[in-house]
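Colleague: Questions regarding the structure given below will be posed in turn.
The values are calculated or read from the model by the stated rules, or taken from the named source; none is laboratory data. Remember, it's a predicted structure, so these values are computed and weren't measured experimentally. Backbone-built Cβ (ideal geometry, glycine too); neighbour counts: all protein chains shown.
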Ligand SMILES: [Cu+2]
């Protein structure tokens, strides 16, 4: 019983630590680029997956996708909440500025099983 509780606590601490680290690295990227611009969030396309699968951002922030696969991929909003990308070749990027709060789902039109979600919160 005691052991079970300890393991659980350790897991929570680990999860909290990972979140903090992710936040920190995003902050550093922003600082290095251009401090006056809105925060830029990145989604990596690799091995036929969007990572992170679900990204939470604030209205007005930017999101950049970058294709790290050898295959072309696209980024297409299911409900046309943003303009679709051109086919992205290896290392090509696509950037949008997110609009109204809501949940945006998107997919790759070349490989429709590739999907991702953006959760936009009020800024
Ligand atoms: Cu694809």
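Colleague: Would you please name the residue that is surrounded by the most Cβ atoms within 10 Å (Cβ to Cβ), looking only at residues in the stretch 50-65 that are at negative phi and outside any strand (DSSP E or B)?
Modeller: Going through the qualifying residues, I end up with 61.
Colleague: I need every pair where a residue in the stretch 83-108 that is touching a residue at least 60 places away in the same chain (Cβ under 8 Å) has its Cβ under 8 Å from the Cβ of a residue that is surrounded by fewer than 14 Cβ atoms within 10 Å (Cβ to Cβ) and outside any loop (DSSP other than H, G, I, E, B), sequence separation at least 6 or different chains.
Modeller: Taking only residues 6 or more apart or on different chains, not a single pair turns up.
Colleague: Taking into account only those residues within the stretch 88-100 that are surrounded by 14 or more Cβ atoms within 10 Å (Cβ to Cβ) and over 13 Å from residue 63 (Cα atoms), which is farthest from the ligand (Cβ to nearest atom)?
Modeller: 92
Colleague: Looking for something closer than 26 Å to residue 101 by Cβ, at pLDDT below 65 and exposed (fewer than 11 other Cβ atoms within 10 Å of the Cβ) - is there at least one such residue anywhere in the stretch 10-17?
Modeller: yes
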